[in-house]
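The values are calculated or read from the model by the stated rules, or taken from the named source; none is laboratory data. Only a predicted model underlies this, so the values are computations on that prediction, with no experimental measurement involved. Here the Cβ positions follow ideal geometry from the backbone for every residue, glycine too, while neighbour counts run over all protein chains shown. SASA here: full protein model, heavy atoms, side chains in, ligands and nucleic acids out. Shrake-Rupley method; radii C 1.70, N 1.55, O 1.52, S 1.80 Å.
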Amino acid sequence: MSPTEDFDADANALADAARRFIRTEVAAQLNDWEEAGEFPRSLYRRAAELGWLAMGYPEHLGGTPAPWRLRNAMTVTLARAGGSGGLMASLFSHNIGLPPVIRHGSTALQQEVVPGILRGEKISALAITEPGGGTDVMSLRTTARREGDEYVVDGEKIFITSGMRADWLTVAVRTNPKDKGPGGISMLMVPGDAPGLSRTALKKMGWLCSDTAQLRFDGVRVPARYLVGEEGTGFKMILTNFNGERLSMAAMALGFCECCFDEALAWARQRKTFGTALIDHQVIRHKLMDMKMRIESTRAWLNAVSERADAGIKGAEWVAEVCLLKNHATQAMQFCADQGVQILGGMGFMRGTACERIYREVKVMTIGGGTEEIMKELASRQLGL
Ligand SMILES: Cc1cc2nc3c(=O)[nH]c(=O)nc-3n(C[C@H](O)[C@H](O)[C@H](O)COP(=O)(O)OP(=O)(O)OC[C@H]3O[C@@H](n4cnc5c(N)ncnc54)[C@H](O)[C@@H]3O)c2cc1C
């Protein structure tokens with residue numbers, strides 16, 4: 001088989017498994033999980049058994065190396081079949097929590113933290129945003145003071161995905177209070193059971209089955225070996241980490257666009273008005289085509305950007321494309337959610353339809369992982385404007 005055929009076979013097998021998982025293990029319970037504000041912890045184990053948590057991670061840590069295109073194919077399919085951003089955000093929160101450890105952590109730290117998370121036994125979260133600001137990362141105020149062979153952490157984080165039950169928190173801290181710039185920032189792993197760490201659940205517009213927390217660190221003592229990489233290198237880690245998060249969010253957004261399209265098309269075929277199916281009305285068909293147009297442009301761009309990542313072409317221009325792709329994909333999602341609800345009519349306003357859920361999940365996609373405004377600004381700077 002050619003490499004392309006190999007890739008297609010892998011992607012198809014993955015997509016089949018993802019659709020089966022959603023059909024048999026998620027769909028019937030999803031609305032209950034949304035009401036409960038979390039899904040069962042056992043789902044992490046299940047996703048690990050199916051090989052999804054480990055995708056893209058090194059083999060010696062229990063991972064399965066995989067190109068971005070394959071990882072994105074999985075993300076798109078799970079998002080399309082499940083239609084739940086909350087499920088995706090929490091089930092895969094390790095994909096934002098772990099990369100700094102993989103790229104910069106000591107061998108001992110990697111061995112202690114990574115395998116348990118990839119086996120679905122432990123939950124990982126990334127804690128950067130603070131009540132004082134998320135966009136302006138450089139101004140973060142949570143401190144980690146070195147005392148002997150420990151760091152003492154004080155401060156607050158907010159809007160942290162999987163924050164209520166994470167076993168490992170990858171926390172951005174200021175280790176040098178005199179340096180108010182990027183050089184004062186470091187990354188530190190904090191165990192979820194550390195004394196002095198308290199968590200408060202946050203109520204949200206969407207992503208309901210994802211546990212989102214405000215975290216408080218009151219003199220939390222952490223062994224100094226939990227520092228990720230060198231002191232003062234945290235800001236660079238955060239910036240690099242954002243690229244992967246934004247690419248994955250674009251893939252998620254594409255899956256949600258397709259989910260809205262699928263539900264709207266199925267509805268339009270079976271719903272009758274004025275003696276004929278909705279799909280027979282030209283206006284409705286055109287709405288679906290307007291959705292399709294955005295879906296296909298997002299897919300083509302996502303594939304192109306992912307292929308370049310897989311080929312190791314990741315310069316400033318690529319970073320700019322990731323930012324703009326995230327905006328394009330989430331705007332496409334916004335459009336598709338809006339049109340999907342419109343085609344479903346009153347039913348689109350009812351809890352339990354995918355379009356209704358996705359409509360409520362649009363805004364976090366244009367805010368989380370870097371806001372729309374900041375994406376444009378960053379892209380323009382990368383392109384030297
Ligand atoms: C459900 C959810 C889950 C999240 N999960 C996580 C997580 O797991 N970990 C984590 O660390 N964070 C997480 N976040 C936080 C998210 O990354 C931030 O909300 C986001 O970065 C924006 O920060 P902010 O909310 O403080 O907005 P602010 O920084 O206060 O910005 C407010 C508005 O002003 C705009 N703005 C700010 N500065 C400028 C400027 N210079 N020019 C133009 N416009 C500007 C912004 O674009 C935005 O529209 C999550 C957020 C949500 C809602």
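Once the Cα gyration tensor of the range 231-319 is found, what semi-axes does its equivalent ellipsoid get, as square roots of 5 times the eigenvalues, in whole Å, sorted largest first? Walk me through the numbers before you get to the answer.
Working: eigenvalues 327, 35, 13 Å².
Sorted largest first and rounded, they come to 40, 13, 8 Å.
Over the chain, what portion of Cα pair distances is larger than 26 Å, expressed as a whole percent? Don't jump to the answer; show the numbers that get you there.
Details: 38729 of 73920 pairs.
So the pairs more than 26 Å apart make up 52 percent of the total in the chain.
With r defined as the distance between the Cβ atoms of PHE274 and MET350 and R0 fixed at 25 Å, what FRET efficiency is calculated, to the nearest 0.05? Intermediate values should be presented prior to the final figure.
Numbers: r = 22 Å, r/R0 = 0.90.
Efficiency, from the Cβ-Cβ distance: 0.65.
Kindly flag which residue pairs out of LYS203/LYS326; LYS178/LYS203; LYS178/LYS236; LYS157/LYS376 have an alpha-carbon separation exceeding 29 Å in this structure.
Violating the 29 Å limit, Cα to Cα: LYS178/LYS203.
About the Cα centre of the chain, how large is the charge dipole given +1 on each Lys and Arg Cβ and -1 on each Asp and Glu Cβ? Please answer in debye to the nearest 20.
Values: 45 positive and 45 negative charges, 124 e Å.
I would put it at about 600 debye.
Dividing the Cα convex hull volume of the range 133-244 by residue count, how many Å³ per residue is that? Each step should come with its number before you reach the end.
Numbers: hull volume 11.9 nm³, N = 112.
That works out to 107 Å³ per residue.
Can you give me the angle between helix 316-344 and the longest principal axis of the chain, using Cα atoms only, in degrees from 0 to 90, rounded to the nearest 10?
40
Among ALA66, ALA81, ALA15, which one shows the biggest mean-square fluctuation in a GNM of the chain, springs joining Cα atoms closer than 10 Å?
Most flexible of the set in this elastic network: ALA66.
Taking the Cα atoms only, what angle lies between the long axis of helix 354-367 and the longest principal axis of the chain, rounded to 10 degrees?
Orientation of helix 354-367: about 40 degrees from the principal axis.
Share of the chain's accessible area from carbon and sulfur, percent, 1.4 Å?
Values: 9020 of 16980 Å².
Carbon and sulfur: 53 percent of the exposed surface of the chain.
For ARG19 and LYS178, what does the FRET efficiency come to when R0 = 45 Å and r is the distance between their Cβ atoms, rounded to the nearest 0.05?
Details: r = 54 Å, r/R0 = 1.20.
Rounded to the nearest 0.05, the efficiency is 0.25.
Can you tell me the orientation of helix 107-118 relative to the chain, as the angle in degrees between its alpha-carbon axis and the longest Cα principal axis, to the nearest 10?
On a 0 to 90 degree scale, this one is about 30.
Quick one: putting +1 on the C-beta of Lys and Arg, -1 on the C-beta of Asp and Glu, what dipole do you get for the range 1-154 around its Cα centre, in Debye to the nearest 20? Could you put the intermediate results ahead of the total?
Working: 15 positive and 20 negative charges, 31 e Å.
The dipole of the range 1-154 has a size of about 140 debye.
Over all distinct alpha-carbon pairs, what is the Kirkwood Rh of the range 158-217 in angstrom? List each step's numbers first, then the result.
Details: mean 1/r = 0.0786 Å⁻¹.
Across the range 158-217, the inverse of the average 1/r is 12.7 Å.
If the elastic network links every pair of Cα atoms under 10 Å, which of ILE128, ILE279, ILE185 fluctuates the most in the Gaussian network model of the chain?
Comparing ILE128, ILE279, ILE185 in a Gaussian network model of the chain, the most mobile one is ILE279.
For the range 315-385, report the accessible area per residue in Å² (1.4 Å probe, heavy atoms, rounded to an integer).
For the range 315-385, the per-residue accessible area is 43 Å².
Taking C-beta distances below 4.7 angstrom as the pairing criterion, name the unpartnered cysteines of the chain, in sequence order.
Isolated Cys, the chain: CYS209, CYS259, CYS323, CYS355.
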